[in-house]
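The values are calculated or read from the model by the stated rules, or taken from the named source; none is laboratory data. Keep in mind the model is a prediction, meaning the values are calculated, not measured. Every residue, glycine as well, gets a Cβ built from its backbone with ideal geometry; the counts of neighbours run over all protein chains shown.
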Amino acid sequence: MGFGLATIMAAPLGAPAVMAALFSVGQLQGVCDPTNTHNVWIANYVGVDVQRILRTTLLYVWAAAALGLIIAAFLFLAR
């Protein structure tokens with residue numbers, strides 16, 4: 001489904017814009033997801049709940065993803 005959706009979005013937007021959008025929003029899952037192995041290991045190592053890592057990082061990564069989307073819009077959609 002992901003490849004099909006990316007292909008449909010690439011037609012009007014272009015492949016670089018779709019790639020930038022997927023990389024930007026993919027950071028939310030890569031950094032904040034409480035089921036990622038690295039988050040579980042870190043939480044166990046420092047003795048905190050994995051949800052605390054999510055709550056601590058979510059705002060910063062959300063802002064970084066939004067900034068990435070804005071930069072991608074200027075780079076790849078301003079034709």
Do you know which residues across segment 36-76 are of a type in the set (S, T, N, Q) and within 20 Å of LEU22 (Cα to Cα)?
ASN36, THR57
Under 6 Å by Cβ, and 6 or more places apart or on different chains, what pairs join a residue from segment 57-79 that is under 17 Å from ASP33 (Cβ atoms) with one that is surrounded by 14 or more Cβ atoms within 10 Å (Cβ to Cβ) and polar (S, T, N, Q)?
VAL61/GLN27; ALA65/SER24; ALA65/GLN27
Go through (1) of a type in the set (Val, Ile, Thr); (2) free of Cβ contacts under 8 Å to residues at least 24 places away in the same chain; (3) touching a helix residue (DSSP H, G or I) at 6+ places or on another chain (Cβ under 7 Å) one by one and return the number of the condition THR37 breaks.
(3)
Among the residues of segment 5-56, write down those that are among the polar types (S, T, N, Q) and within 15 Å of GLY68 (Cβ to Cβ).
SER24, GLN27, GLN29
In this structure, does ALA43 turn out to be surrounded by 13 or more Cβ atoms within 10 Å (Cβ to Cβ) and at pLDDT below 90?
no
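This table checks each residue for (1) closer than 16 Å to GLY2 by Cα; (2) at pLDDT below 95; (3) not hydrophobic (A, V, I, L, M, F, W, C).
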position	(1), (2), (3)
ALA17	yes, yes, no
ALA20	yes, yes, no
LEU28	no, yes, no
HIS38	no, yes, yes
TYR60	no, no, yes
LEU69	no, yes, no
ALA72	no, yes, no
LEU77	no, yes, no
